[in-house]
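Have a look at the structure below, then the notes.
The values are calculated or read from the model by the stated rules, or taken from the named source; none is laboratory data. Just so you know, these numbers come straight off a predicted model, no measurement behind them. Cβ: placed from backbone, ideal geometry, glycine included. Neighbour counts: every protein chain shown.
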Amino acid sequence: MFYFIILREYLVHMKRFLHLLSFAFVLGFTHQAGAQEICGYQAYVDYLDSLNSGIKKNIETTFFEAVKKSHIKNKNTQDTIYTVNVVFHVVYNNETQNVNDSFIYSQLKVLNDAFRRTNPDTVNTRDIFRPVAADARIEFVLPTVDPDGNPSTGIVRTQTSYLTFGSSPANLSRSDLVKSRQVGSAPWDTEKYMNVWICDLSVNGFDGLLGYAYPPTGASNWTGSNSFSTSEKQGVVVHYKVIGENNPESLATGSKTLVHEVGHYLGLRHIWGDGGCGVDDFMDDTPLARRASRGCSIGVNTCTEILGAQFPDMLENYMDYSSDECQNLFTRDQVAQMRINLTTFRSGIYSVKEVNSGPSILPELISFEESKLYPNPALNELNIYIKDADVTGDYSLILYTLLGQECKEIQLEAKDYQVVNGFSELRGMYLYKVKKNEKTALEGKIIFGM
Ligand SMILES: [Zn+2]
């Protein structure tokens, strides 16, 4: 179910990639892999499972429970802004690895922009995906005191005798030594802080693994072996070469790596579901994808949606493996899931910043008995009748697939009767809503093209 890997130039399963990597070393092949990225999420899950069989299943169970809970939304859970305490551990052998504060501040800004959807590249989100792009309302701050109450910058620096924490084949128990007191930097209480370790993950100069993260596991409920000691290891590890948008040494795949890994840390899966078209990521608003994207191949559509409108692969999503320059969104469902995971499994690491006391954002059904859309079934043209339309109202028509994916939004005129075109690409049954001032005024099912 879970894989990952993303290489910008190559797209291969991790084991194949690592095999290739080992093979390359045997041959003394030195490949400058500047634009490659691998995410070690699955490797971590496999690693845990090898220590304690059944953990993988437990993680999946946890995931599905969270998906279910994320669908139970209420006003508070939607509006609240959560502020997460994040501590960065820089574990370095030499000064190059000892990335300076300005790179960390720059990285923190990229992370915050991504989780508040204030990143400047939201302008690159394609129109079809704008309706589902969402502000996660999660912010990350550096603590000003350490766990002992002493003043702190939230950046801890530790010199190590290890030249690198990378290994080939990838061995996360070795990489995890970066979290040890002996050769790394011990975590701050993982139930109170999100710990991020920055270190060298390269192998013989090859930048293969760029980061890995631990998904929430509900570990405290487990009664298995202590050997995997999940609470000690919770957090994110990132290669020092991907820290900082302003870092001239940064790899091209750079600064979105931490965003992706924090997505895993908050329980998201890759958007291609780590499998083919038959495997979903269980988010209703991410289109199916056969595999990880690479590069910025706008328009590629690797899977046919089961019902309704067809969508290209969502390579704007942070949980894809597309190039950083085209990643710019989390979806509403991903946001809902991260928030429920945060409040369920990582409830000690955040504080509540504010609760919006504005009007409810839950839909409010207004009854217009005689309003309607016709004909039904329809072809390219639709007549819309809104009884006693309010000329000052803001009306729109939104179409969804039967899976709930928003697929078309049309601004309507504020008048009783109008004809709308532009449905010729639609085939099959859809759900529709006519909204007035963002509130649902009319809804139902409609068939197009048949
Ligand atoms: Zn990943």
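Looking at 87, 123, can you tell me which residue is part of a strand (DSSP E or B) and assigned by TED's automatic domain parsing to the domain that holds residue 236? Exactly one of 87, 123 is part of a strand (DSSP E or B) and assigned by TED's automatic domain parsing to the domain that holds residue 236, namely 87.
When you look at residue 146, is it under 27 Å from the mean Cα position of the chain (by Cα), more than 17 Å from residue 262 (Cβ to Cβ) and not aliphatic (A, V, I, L, M), yes or no? So residue 146 does not fit the description; no.
Residues considered: 149, 205. Of these, the only one that is without any contact (Cβ under 8 Å) to a residue 40 or more places away in the chain, assigned by TED's automatic domain parsing to the domain that holds residue 256 and either of a type outside the set (Gly, Ala, Ser) or over 26 Å from residue 270 (Cβ atoms) (or both) is 149.
Taken over segment 143-164, residues that are crowded, with 16+ Cβ neighbours inside 10 Å and among the aliphatic types (A, V, I, L, M) amount to 2.
Exactly one residue out of 409, 443 is at pLDDT 75 or above, of a type in the set (Asp, Glu), touching a helix residue (DSSP H, G or I) at 6+ places or on another chain (Cβ under 7 Å) and surrounded by 14 or more Cβ atoms within 10 Å (Cβ to Cβ), and it is 409. For segment 150-185, the set of residues classified as more than 18 Å from residue 93 (Cβ to Cβ) and at pLDDT 95 or above consists of 150, 151, 152, 153, 154, listed by residue number.
The criterion of being under 19 Å from residue 86 (Cβ atoms) and either within 16 Å of the ligand (Cβ to nearest atom) or part of a loop (DSSP other than H, G, I, E, B) (or both) does not hold for residue 249. Of the residues 170, 133, 186, the single one that is more than 22 Å from the chain's Cα centre (by Cα) and crowded, with 16+ Cβ neighbours inside 10 Å is 170.
Residues of segment 186-219 that are of a type in the set (A, V, I, L, M, F, W, C) and outside any strand (DSSP E or B): 186, 188, 201, 219. Answer with yes or no whether residue 333 is in the same structural domain as residue 290 (by TED's automatic domain parsing) and part of a loop (DSSP other than H, G, I, E, B). Spelling it out, it is not the case that residue 333 is in the same structural domain as residue 290 (by TED's automatic domain parsing) and part of a loop (DSSP other than H, G, I, E, B). If you filter segment 271-320 down to residues that are within 12 Å of the ligand (Cβ to nearest atom) and under 17 Å from residue 129 (Cβ atoms), you find that the one that is surrounded by the most Cβ atoms within 10 Å (Cβ to Cβ) is 317. Here residue 261 does not qualify as within 30 Å of residue 446 (Cα to Cα), in contact with a helix residue (DSSP H, G or I) (Cβ under 9 Å, 6 or more places away or on another chain) and surrounded by 24 or more Cβ atoms within 10 Å (Cβ to Cβ).
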